[in-house]
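K.L.:
Here it is: the structure, laid out below.
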Amino acid sequence: MNVIQALVFDMDGVMFDTEQLAVRAWMQAGEALGWPIDRSLCLRLLGLNTQSAGEVLTQALGPAFNYHQARQFMNERLNQLIVTEGIPLKPGLKDLQQWLEIRQWPYCVATSSDQARTDFCLASGGLEQAFPQKICGNQIRRSKPAPDIYLAATQLLKIRPEHCLAVEDSPNGAASALAAGLQLAIVPDLIELQAFPAHILTQARVFPDLNKLRQALEQGMDEGEQ
C-alpha cells in the first residue's frame, strides 16, 4: 500500500450527522407535495450532487415529478432542521482534524453538496476555519460515482491520488474515490456495509468511527478491517 500523505473527507455522513436529516427532509417534501419518496429511495441519493439526484428521482417517480419544486422544499426543510436540532459532528472529527494539523498533513472536503450548502454546514458546525479547502458538487461536471470530484481534490492538495486517503460513507462516494485512484476508508453511516458492492469492500478499510481511523493512521493503518 502506498504511503498516505493526505486525507479527503466526504462531508454528509462522515463529518456531520446530516444524512438522517436529509432523509427526513426528502420524505417530508414527498409527503407535502404528494410524491412517494420513501427511505429506500432517499438512500439512493446519498453521495449524489443536485443534478444526479434529480435524475434518480425523476426516473423513479416519472416525468411529471417537479424536481425543482421538491428540491426547494427539501432544502428549506433541511435548513429548518439544522437550525432547530443543530448539526452534530461525527465522533472523532475534531480530534482527527487536529491530528492532521499537528502533523501538517494536507486535507480537504470533497462533497456532492453545493457550495452554499457546504458553507452553511461548516459554519453551523463551527468548522469553517478548520476546513478551508473544499471541492463541492456544483464545481465539477460529473457527480460521484464518477472520479471527477476526487481528482479535483487531489489537484487542490497537490498530492498524487495514490497517496491520498478518501473517507466515505456511501457506495457512490466510495466508487468515486477508487475510480480516481485514491485509497479508501469507509466509516458507515445510514447505508449498511452489506449494501456496498463486494469489489469496493475488498479495496477498502472499514472503521466504526473517525476515532478508530485516527488510531489506525497513528499505527500505520494496520488496524483497519478489510
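K.L.:
For the chain, what does the helix formula give at 222 nm: sum of -39500 (n - 2.57) over DSSP H segments with n ≥ 4, over the residue count, nearest 500 deg cm²/dmol?
P.N.:
Estimated from H runs of four or more residues: -13500 deg cm²/dmol.
K.L.:
Give me the one-decimal nm value for the distance between modelled label points at Val83 and Leu193, 7 Å along each residue's Cα-to-Cβ direction.
P.N.:
Using points 7 Å along Cα→Cβ, the separation is 4.0 nm.
K.L.:
Continuing with the same structure: Name the long-range amide H neighbours of Ala110: under 5 Å, sequence gap of 5 or more, or other chain; modelled H, no Pro or chain starts.
P.N.:
Phe9, Asp10, Met11, Ile135
K.L.:
Can you tell me the length gained on complete extension of the stretch Arg39 to Ile102, counting 0.36 nm per residue apart and subtracting the Cα distance?
P.N.:
On the way: separation 63, 0.36 × 63 = 22.68 nm, distance 4.01 nm.
Full extension of this stretch gives 18.7 nm more.
K.L.:
Let me ask another. Points 7 angstrom from Cα along the Cβ direction at Lys158 and Asn138: gap in nanometres?
P.N.:
Placing both labels 7 Å beyond Cα along the Cβ direction yields 2.9 nm.
K.L.:
With θ set to phi - 60° and the Karplus curve 6.51 cos²θ - 1.76 cosθ + 1.60, what are the ³J(HN,Hα) couplings of the stretch 26-34 in order, to the nearest whole Hz, using x for Gly and Pro?
P.N.:
5, 5, 5, 5, x, 5, 5, 9, x
K.L.:
Moving on. Rounded, prolate or oblate for the stretch 43-157? Axes are the square roots of the Cα gyration tensor eigenvalues, ordered a ≥ b ≥ c, and the cut-off for rounded is a/c under 1.5.
P.N.:
Numbers: a/c = 2.70, a/b = 1.50, b/c = 1.80.
Oblate shape, in that a/c is at least 1.5 and b/c is the bigger or equal ratio.
K.L.:
Sort Val23, Val8 by Cβ crowding within 10 Å, fewest neighbours at the top.
P.N.:
Val23, Val8
K.L.:
For a quick check: sort Tyr67, Tyr150 by the number of other beta carbons within 10 angstrom, fewest at the front.
P.N.:
The fewest-first ordering by Cβ neighbours comes to Tyr67, Tyr150.
K.L.:
Out of these labelled values of Cα extents along the principal axes in Å, (i) 51, 36, 29; (ii) 46, 42, 35; (iii) 83, 39, 30, which was calculated from the coordinates shown here?
P.N.:
Among (i) 51, 36, 29; (ii) 46, 42, 35; (iii) 83, 39, 30, the one derived from this structure is (i).
K.L.:
Rounded to whole Hz and in sequence order, give me ³J(HN,Hα) for the stretch 92-107 from the Karplus expression 6.51 cos²θ - 1.76 cosθ + 1.60, θ = phi - 60°, writing x for Gly and Pro.
P.N.:
x, 4, 5, 5, 5, 4, 5, 4, 5, 5, 4, 8, 6, 7, x, 7
K.L.:
Same structure again: Using θ = phi - 60° and the Karplus form 6.51 cos²θ - 1.76 cosθ + 1.60, what ³J(HN,Hα) does each residue of the stretch 59-68 get, whole Hz, x for Gly and Pro?
P.N.:
Ordered by residue, 3J(HN,Hα) equals 5, 6, 9, x, x, 6, 5, 8, 5, 4 Hz.
K.L.:
Order by neighbour count: Trp26, Trp99, Trp35, fewest other Cβ atoms within 10 Å first, most last.
P.N.:
Least crowded to most crowded, the residues run Trp99, Trp35, Trp26.
K.L.:
I'd like the FRET efficiency for Val56 and Gln5, computed as 1/(1 + (r/R0)^6) with the beta carbon distance as r and R0 of 45 Å, rounded to 0.05. Can you show the working numbers first?
P.N.:
Details: r = 35 Å, r/R0 = 0.77.
After rounding to 0.05, the efficiency reads 0.85.
Every number here is computed from the coordinates shown, using simple stated rules; none is lab data. If you're wondering where the values come from, they're calculated on a predicted model, not measured in any experiment. All Cβ positions, even for glycine, are placed from backbone atoms using ideal geometry, and neighbour counts span all protein chains on display.
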